[in-house]
1. Within the stretch 57-73, which residues are more than 14 Å from V33 (Cβ to Cβ) and either surrounded by 20 or more Cβ atoms within 10 Å (Cβ to Cβ) or among the aromatic types (F, W, Y) (or both)?
2. Could you tell me whether the stretch 195-202 includes any residue that is under 21 Å from V147 (Cβ atoms), buried (at least 16 other Cβ atoms within 10 Å of the Cβ), touching a residue at least 24 places away in the same chain (Cβ under 8 Å) and not β-branched (V, I, T)?
3. Identify, by number, the condition in (1) closer than 30 Å to W161 by Cα; (2) free of Cβ contacts under 8 Å to residues at least 12 places away in the same chain that T140 doesn't meet.
4. Is there any pair with a first residue in the stretch 162-187 that is over 24 Å from D214 (Cα atoms) and a second that is of a type in the set (A, V, I, L, M, F, W, C) and part of a helix (DSSP H, G or I) whose Cβ atoms are under 6 Å apart and which are 6 or more apart or on different chains, and what are they?
5. Can you tell me how many residues within the stretch 92-127 are part of a helix (DSSP H, G or I) and within 14 Å of E165 (Cβ to Cβ)?
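The values are calculated or read from the model by the stated rules, or taken from the named source; none is laboratory data. In this text, all values refer to a predicted model and were calculated from it rather than measured experimentally. Positions of Cβ are backbone-derived with ideal geometry, glycine not excepted, and every protein chain shown enters the neighbour counts.
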Amino acid sequence: MLSKRIIPCLDVRDGRTTKGIQFKENVDIGDPVEMGRFYYEEGADEIVFYDITASSDRRPIMLDVVRRVAETIFIPFSVGGGIRSVEDMRDVLLAGAEKVSVNSAAVLDPRIISQGAEAFGSQCVVLGMDVKRVQPSEKTPSGYEMVINGGRTAMGIDALWWAQEAERLGAGEICLNSIDADGTREGYEINLTRLISTHVRIPVIASGGAGTADHLLDVLKDGRADAALIASMVHYGSTTIRQIKEFLRERGVEVRKTW
C-alpha cells in the first residue's frame with residue numbers, strides 16, 4: 001500500500017506566505033523560506049508553493065523565492081503560479097522544483113499539459129484545479145465548475161470533465177482545491193474529492209478546508225485522496241505534522257514515519 005502524503009502549502013504573495021478564506025482577506029503569516037525549512041524538519045512529505053497573484057497580475061513567478069526555498073528542503077517540491085509556457089516550467093524546475101503546477105494557463109490553453117509532459121515527463125506536471133460548487137447544468141453536470149485567476153473568473157467548465165481531459169493530455173497528478181472550503185477549517189469537500197479521485201487513475205491531492213486531523217482522516221479514507229494539503233492548521237500552530245501522522249497511523253492510515 002502506498003503511503004498517504006501530508007503536504008503543507010505555502011501561498012506566497014509579494015514574497016511572503018499569506019493565508020485567507022475562500023481566496024479573500026489574506027493576511028501575512030511568515031517567511032516562506034523559513035516555513036518551508038520548518039515543515040521539512042517536521043516531517044512533511046512534500047512542500048507546495050503557490051505564487052497566488054502571478055496569474056491575476058499577469059507576471060512571472062518569483063523564481064528567487066522558489067530558489068531560496070528549494071535550497072533549504074530535501075523533499076519533493078511542487079511550484080505553481082503564473083506558469084504559462086514550457087519555458088516557464090523549465091525555469092521553475094531549474095530553480096529547484098521537482099514538479100510544476102499549472103492551473104489557469106492550462107484551462108486557457110490545455111496544450112501546456114501535453115507539451116510539459118513531453119518535455120519533462122508526466123511525473124513533473126501537476127494539474128491545479130480551483131473548483132466551486134454550482135447548480136448542475138448542461139455545462140456543469142457534475143455540479144462543480146472550474147474557476148481560474150485565483151478564484152476570480154468562473155469558466156463554465158465541468159470539473160470532472162476537465163480532470164479526465166487533463167489526465168488524457170498527460171498530467172501526472174491533480175491538486176484539487178475546493179474554493180467553498182478553502183481556509184474555513186471546517187473540513188475538505190469530501191464529495192468533490194471522491195468524485196474526482198474515483199474517476200481518474202492519477203493521484204489526487206485534496207486541498208481546502210483542513211482544520212483537524214479528523215478532516216484528513218475523512219478525506220484520505222472516505223474521499224479516497226492520495227494526499228492531503230494543509231495550511232491554516234499548521235501555520236497557526238494548532239497542531240503539528242508529527243501529531244497528524246501519529247493520529248492517522250493509529251487509525252490505520254499508512255503514512256511515512258519521520259521520527
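1. First, pick out the residues of the stretch 57-73 that are more than 14 Å from V33 (Cβ to Cβ): 57-61.
Correct list: I61 only.
2. yes
3. Just one mismatch for T140, condition (2).
4. Every condition considered, the pairs that remain are A163/I196; A166/I113; L169/I113; G170/I113; G170/A117; A171/I113.
5. Here is the first cut: in the stretch 92-127, the ones part of a helix (DSSP H, G or I) are 92-94, 104-108, 111-120, 122-124.
With the extra rule that they be within 14 Å of E165 (Cβ to Cβ), the set shrinks to 106-108, 111-114, 117.
Of the residues in the stretch 92-127, 8 are part of a helix (DSSP H, G or I) and within 14 Å of E165 (Cβ to Cβ).
Residue-wise test of (1) modelled with pLDDT of 90 or more; (2) among the charged types (D, E, K, R); (3) crowded, with 24+ Cβ neighbours inside 10 Å.
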| residue | (1), (2), (3) |
| --- | --- |
| R5 | yes, yes, no |
| R16 | no, yes, no |
| I21 | no, no, no |
| I29 | no, no, no |
| M35 | yes, no, no |
| D45 | yes, yes, no |
| S55 | no, no, yes |
